[in-house]
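Encoded as structure tokens, the structure appears first; notes follow it.
The values are calculated or read from the model by the stated rules, or taken from the named source; none is laboratory data. All figures in this text were calculated on a predicted structure; none of them were measured in a lab. No Cβ is skipped: glycine too gets one built from the backbone with ideal geometry, and neighbour counts run over all protein chains shown. Heavy atoms of the whole protein, side chains included, go into the accessibility calculation; ligands, DNA and RNA do not. Shrake-Rupley method; radii C 1.70, N 1.55, O 1.52, S 1.80 Å.
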Amino acid sequence: MRVVIVTESFPPDVNGVAHCALQTARHLAARGHSPLVVAPQVAGADPGDGAPCPVVRVPSLPLPGYPQVRVALPSRRLAAAIAGHRADVVHLAGPFVLGVRGMAAAARLGLPAVAVYQTDLAGYARTYMGAGEAAAWRRIRSVHTAADLTLAPSGAALRDLEAHGVPRVRLWPRGVDTVRFRPDLRDEALRRTLAPDGELIVGYVGRLAPEKQVELLAEAGTLPGVRVVIVGDGPSRPALERALPRAAFLGRRTGDDLARIFASLDVFAHTGPFETFCQTVQEAMASGVPVVAPAVGGPLDLVAHGRTGLLVPPRDATAVRDAVWSMAADPALRAAYGAAGRRAVEGRTWAAVGDRLIGHYDDVLAGRRTAVAA
């Protein structure tokens, strides 16, 4: 099968869309298919960035106020890449700008398109503009209605899409690398560096941006015997450094270095209420670390409350603090949650998830053949 993956982001970018697009390309290549990636150009990046397939970069500009995010400019490269690859399926990863053009190109060429819903644009509209949620949903509905199939990463995302009139939605979760992320990477030397007085280490991993609401960790950071560790970068970092003066900010970390940090945490805390999935929660669970997360969106599918961690009301700093404190007081509870979390994700490999994706492609192609025969 020949697949063109049109993605709004790709490594060296570090975010959920980029990571999922890379894993998708890797799995397709490993299964003997022929993927091609089309992504925005990133200044100074190697065109392939370690991808297992060709990568076509299109011109892009940084998003004003958030230069880590690139927005693709109109370019003939996209349609030429799809046509030149002789694609059977066009895979649209988080379609917003480039993906919309990819959808139009697929339609002109008579090719089926599978759209992967990954970003809560409506939530972002509320966060950044204080309004615009209805307009965001109109755009989401317009883009995804044009696809042969929309894939939602979680039950909450699937229900949101269907409630807002998006047709032909099916569930496609994300995988996790259980070889890279594992409990035995716990590093006592690193722990002594991060918490020299033996404090409980509570970690957050992700972008430092307004929609992530990392400031909700401020109350937990004042608890006696607790050290908050922040991994990631983004436009909110200066404000967060002021809001959490006792926290350790480690910047962006990736690969084995990130896995070692995950395994060295005592508690993983995610604060953002707009996650359609939340890959870092899975990575913490694979690392044997108990999780505190908001009871909304993707974490609802991942965290079994009272078994692998604790779900708390979204946007509630006091609830986050109390959940952290309850775990700080009970090492046996933390160990039980961490072990249960590891067991819960052991079967969620990228290989298993990738095979489900190929099954979705097969269904779309079969539907097209049936429509033609009729």
Which one, ALA18, ALA113, ALA269, has the greatest fluctuation when you compute a Gaussian network model over the chain with C-alpha springs under 10 angstrom?
ALA18
Neighbour net charge for LEU171 - beta-carbon separation under 14 angstrom, K R +1, D E -1:
+2
Mind listing the Cα extents of region 193-232 along all three principal axes, in Å, largest one first?
32, 20, 8
Using 0.36 nm per residue, how much length does the chain from GLU188 to ALA351 gain when fully extended, once their Cα-Cα distance is taken away?
55.5 nm
Just flag the chymotrypsin sites (Phe, Trp or Tyr not before Pro) in region 55-124 sitting in loop per DSSP whose Cβ has no more than 12 other Cβ atoms within 10 Å.
none
With a ≥ b ≥ c from the Cα gyration tensor eigenvalues, square-rooted, and the rule rounded for a/c under 1.5, otherwise prolate when a/b > b/c and oblate otherwise, region 25-114 is oblate
Within the accessible area of region 1-45, what % is carbon and sulfur when the probe is 1.4 Å and the other protein chains stay in place?
52
Please report the antiparallel percentage of DSSP beta bridges with both residues in the chain, rounded to the nearest 5.
10
Per the rule of 0.36 nm per residue minus the C-alpha distance, extending ARG369 to ARG139 adds in nm 79.9 nm
Between the DSSP loop rule and a limit of at most 15 other Cβ atoms within 10 Å, which trypsin sites (Lys or Arg not before Pro) in region 259-338 are left?
ARG307, ARG315
Please turn the phi angles of region 114-120 into ³J(HN,Hα) values with the Karplus equation 6.51 cos²θ - 1.76 cosθ + 1.60 (θ = phi - 60°), one per residue in order, whole Hz, x for glycine and proline.
10, 9, 9, 7, 9, 10, 7
Interchain or long-range residues, amide H under 5 Å from VAL226's placed H
LEU200
If you roll a 1.4 Å probe over region 62-214 with all protein chains in place, what percent of the accessible area is carbon or sulfur?
56
May I ask you to order 24-30, 179-185 by the average number of other C-beta atoms within 10 Å around their residues, highest value first?
24-30, 179-185
Can you give the accessible area per residue of the chain, in Å², using a 1.4 Å probe?
40
Between LEU194, LEU61, LEU244, where does the largest GNM mean-square fluctuation fall for the chain, given springs only between Cα atoms within less than 10 Å?
LEU61
Karplus (6.51, -1.76, 1.60) ³J(HN,Hα), θ = phi - 60°, over region 247-254, in Hz, Gly and Pro reported as x:
7, 9, 9, 9, x, 6, 10, 9
Accessible surface of region 251-374, 1.4 Å probe, proportion on carbon and sulfur as whole %
54
Selected from HIS164, HIS270, HIS144 as most flexible by GNM, with the chain as the system and alpha-carbon contacts under 10 Å
HIS164
In debye to the nearest 20, the charge dipole size for the chain, taken about the Cα centre with +1 at each Lys and Arg Cβ and -1 at each Asp and Glu Cβ, equals 980
Does region 131-270 classify as rounded, prolate or oblate by the C-alpha gyration tensor (a ≥ b ≥ c root eigenvalues; a/c under 1.5 gives rounded; else a/b over b/c gives prolate, otherwise oblate)?
prolate
For semi-axes √(5λ) of the Cα gyration tensor in Å, the listed values are (1) 39, 25, 19; (2) 36, 21, 20; (3) 39, 21, 19; which was obtained by calculation from the structure presented?
(2)
